[in-house]
1. If we count other beta carbons within 10 Å of each Cβ, what is the order of THR2, THR27, fewest first?
2. With a point put 7 Å past each Cα toward its Cβ, work out how far LEU68 is from MET1 in nm, to one decimal.
3. For the range 34-45, in order, what is each residue's ³J(HN,Hα) by Karplus, 6.51 cos²θ - 1.76 cosθ + 1.60 with θ = phi - 60°, in whole Hz (x at glycine and Pro)?
4. If R0 is 41 Å, what FRET efficiency do you get for PHE38 and THR17 from their C-beta distance, rounded to 0.05?
5. Report the Stokes-Einstein translational diffusion coefficient (µm² s⁻¹, integer) for the range 3-85, Rh taken as the Kirkwood radius over Cα pairs, at 37 °C with viscosity 0.692 mPa s.
Amino acid sequence: MTGPEVLDFARDAIWLTLAMAGPIMLTGLTVGIVIALFQALTQIQEMTLVFVPKIIAIFVSMLIFMPLMGALLSAFMAGVIERIVNP
């Protein structure tokens, strides 16, 4: 493998990581902002109110986006195998 090929592989791996983690992170961010806004509007200062809805939302988003993440990872692995077989 040459230097540019290694850089292409690393770039693809970073983009794959962002594509797989992005939807789940955005879900957690959205739920966190909504709960923080709710707490600010109602002046409820309960710290545990943040965690339970965020954990549930992240778990549900993982279930929803699991096929997408599997397809992305499968395509990336097929590309890696293709690079190994055909240098």
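Quick note: the coordinates plus some simple rules give every number you see, no bench work behind them. Only a predicted model underlies this, so the values are computations on that prediction, with no experimental measurement involved. Heads up, the Cβs are rebuilt from the backbone with ideal geometry, glycines too, and the neighbour counts pull from every protein chain shown.
1. Numbers: THR2 7, THR27 19.
Ranking THR2, THR27 by Cβ neighbours within 10 Å, fewest first, gives THR2, THR27.
2. Label-label distance for LEU68 and MET1, simple model: 2.8 nm.
3. Once θ is set to phi - 60°, the couplings for the range 34-45 become 4, 5, 5, 5, 4, 5, 5, 6, 9, 6, 8, 10 Hz.
4. Numbers: r = 31 Å, r/R0 = 0.76.
Once the sixth-power term is evaluated, E becomes 0.85.
5. Working: Rh = 15.1 Å.
Diffusion coefficient, whole number: 217 µm²/s.
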